[in-house]
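What follows is one structure encoded as structure tokens, with my remarks underneath.
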Amino acid sequence: MGKRRRVAERRRTRPALLGGALAVAVGAGAGLYALYGGAAADERAAAGHKTVRTGPPTAAEIRTTAARFLTAWQHGKVSAAAAATDDPAAADRLLTGYTKDAHLTDVTVTARPPKGARVPFAVRATIAYRGLSKPLAYDSSLTVVRRASDGRPLVDWRPAVVHPDLTDGDRLVTGASGTPPVKALDRDGGEITAARYPSLGTVLDGLREKYGKTAGGTAGIELRVVRGKAAKDAKLSDKTLAELSRGTPGTVRTTLSPEFQAAAEQQVDKRARASVVVLRPSTGEILAAANSGHGFNTAFQGALAPGSTMKIITSSLLLDKGLAAADKPHPCPKTVTFGGWKFHNDDDFEIKGGTFKASFARSCNTAFISQAKKLGNDDLSRQAQQVFGLSRNDWAIGVPSFDGSVPVQSAAQMAAELIGQGGVRMNPLNMASVAATVQSGSFHQPYLVPPSVDHRTLATASRTLPARTLSQLRELMRYTAASGTAAEAMSGLGPDYGAKTGSAEVDGQKKPNGWFTAYRGDLAAAGVVQAGGHGGDTAGPIVAALLKRGS
């Protein structure tokens, strides 16, 4: 009889379920929820046996572990919540700061139905600081894993569990911002806001971080993400999450064009994971930058293999060294072996008796790999740095940016870099600048904020292309836009134009990243659609639509 009573009591203490979701939202006077199905007994039993459970966590373990963590968190029981994770020390620090530094109170967490081992949940809290208060609401999630040493299910600790904008080393802080807000203006004097241009949220954060203290504003009170070392190394800016009292913003004028920015936002919204940049070759002014994902700024800070768009730089090198000429015969076999790797063309095509121009226009990989044996390991890196201003980490555009990377490599990796694979990394800003350099004849460092605003010095290239190389390079890009892989996207935009397509293979990705860079008149643009497929079909229409606005 006693045994049946204990079983009944245990059943009555199971948590309530709302629509299949574990209800962990509790009031100030409620106690901790009991755990699923006698979990405490299971742990005592496990302590007496040496058998370690393996395999993915069960559905019951996922619900139980999530309930343990979320319930302890919302009750302010930091040690108990941290103990439910696989990194108690890191969890304890961040959860302590959630109350102490971020001044978040009245926390309510509501779990939603698990999706496998991932448990989504909603957070509602109040920011309370020196007589000011404001509600805060956001969504996050956690993942339950099994610890290998003892088989115990635990929350896989990541700062993003506490808030999705947090990365390793970041903190949530409420107080005087320290950095006044800024009012960013476009080139026509209109205000730039994230509500109007969703892609520019990170750009506005970067402008505030760099110019907030010098633009003439005063600080307000806010909840913000204060970046740690890892995030700062990745050039991520502090981020405002909520304002309790707004400071007085200073003013920063940018080079952005409201027409081009609005059009860029519309274009990238047509495809997932798309990014694009438009700039003016004669000056380097950035007219637009947009990403279909409004978090990380791939347009300025991405580091992706650029695929065959890199052949613009490689072609300039081969032309400079006399290893190719636009209208002279050039080999394009089905395959070429170099450094122990066998390199292929798309679908193993070949061009018999063709010119270098034909190989460039059709994006023949082997036409470039075949010349690798005649190049030094540092030739491509030097060409990128000295002529195109890349891979030197010295651009100062006004907000954080990645300036491209063309590392010195040898053997097969060096050959792969010739076609935009291997260790080469670029973003749309970099590749738009490459097209702009070809159009203008010399490198002009792109910039978003005019250098006159803060008297900074822009990066310069140490040399320009010889006139013969430049004219042939323009001929290659013009022919590609007219009759090659870029022709469909660039239809009707000639004759003062040039383009190059690219497709970059990524390990574990079914489709390649599609790249496209082009110029028309005094406009240059580049775009990427990650996992989109061929660049002419994916990024090409985005770039071409923006270049058409220059007419």
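The values are calculated or read from the model by the stated rules, or taken from the named source; none is laboratory data. In this text the structure is predicted, and so the values were computed from the model without any measurement. Please note: Cβ atoms are built from the backbone with ideal geometry, for glycine as well, and neighbour counts cover all protein chains shown.
Things worth noting here:
- Restricting segment 374-390 to residues that are within 19 Å of residue 423 (Cβ to Cβ) and in a helix (DSSP H, G or I), the residue that is farthest from the chain's Cα centre (by Cα): 379
- Strands (runs of 3 or more DSSP E) completely within segment 148-199 that count 1 or more residues being within 25 Å of the chain's Cα centre (by Cα) and not charged (D, E, K, R): 171-176, 182-185
- For segment 488-510, a residue qualifies if it is surrounded by 15 or more Cβ atoms within 10 Å (Cβ to Cβ) and closer than 18 Å to residue 345 by Cβ, and the qualifying residues are 500, 501, 502, 503, 504.
- Filter result (crowded, with 23+ Cβ neighbours inside 10 Å and touching a residue at least 60 places away in the same chain (Cβ under 8 Å)) within segment 474-483: 476, 477, 480
- Every pair of residues 6+ apart whose Cβ atoms lie under 6 Å, when the first sits in segment 68-79 and is buried (at least 24 other Cβ atoms within 10 Å of the Cβ) while the second is at pLDDT below 95: 70/24; 71/24; 71/32; 71/33
- From the list 84, 111, the lone residue that is among the hydrophobic types (A, V, I, L, M, F, W, C), crowded, with 22+ Cβ neighbours inside 10 Å and either closer than 27 Å to residue 226 by Cβ or over 32 Å from the mean Cα position of the chain (by Cα) (or both) is 84.
- Checking each residue in segment 409-447 for being part of a loop (DSSP other than H, G, I, E, B), out of contact with any Leu (no Cβ under 7 Å at 6 or more places or on another chain) and closer than 23 Å to residue 200 by Cβ picks out only 444.
A quick yes/no check of all residues on (1) at pLDDT 95 or above; (2) over 21 Å from residue 295 (Cβ atoms); (3) basic (Lys, Arg):
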position: 118; (1), (2), (3): yes, no, yes
position: 124; (1), (2), (3): yes, yes, yes
position: 132; (1), (2), (3): yes, yes, no
position: 135; (1), (2), (3): yes, yes, no
position: 141; (1), (2), (3): yes, no, no
position: 146; (1), (2), (3): yes, yes, yes
position: 158; (1), (2), (3): yes, no, yes
position: 161; (1), (2), (3): yes, no, no
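- Enumeration of residues in segment 224-259 that are crowded, with 19+ Cβ neighbours inside 10 Å and hydroxyl-bearing (Ser, Thr, Tyr): 237, 254, 255, 257
- Residue 467 passes every criterion in (1) touching a strand residue (DSSP E or B) at 6+ places or on another chain (Cβ under 7 Å); (2) farther than 19 Å from residue 406 by Cα; (3) surrounded by fewer than 24 Cβ atoms within 10 Å (Cβ to Cβ) apart from (1).
Residue-by-condition table, conditions (1) of a type outside the set (Asp, Glu); (2) outside any loop (DSSP other than H, G, I, E, B); (3) touching a Ser or Thr at 6+ places or on another chain (Cβ under 8 Å); (4) farther than 25 Å from residue 175 by Cβ:
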{"site": "64", "(1), (2), (3), (4)": "yes, yes, no, yes"}
{"site": "71", "(1), (2), (3), (4)": "yes, yes, no, yes"}
{"site": "76", "(1), (2), (3), (4)": "yes, no, yes, no"}
{"site": "80", "(1), (2), (3), (4)": "yes, yes, no, yes"}
{"site": "94", "(1), (2), (3), (4)": "yes, yes, no, no"}
{"site": "99", "(1), (2), (3), (4)": "yes, yes, yes, no"}
{"site": "108", "(1), (2), (3), (4)": "yes, yes, no, no"}
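- Check on residue 207, of a type outside the set (D, E, K, R), part of a loop (DSSP other than H, G, I, E, B) and out of contact with any Asp or Glu (no Cβ under 7 Å at 6 or more places or on another chain): no
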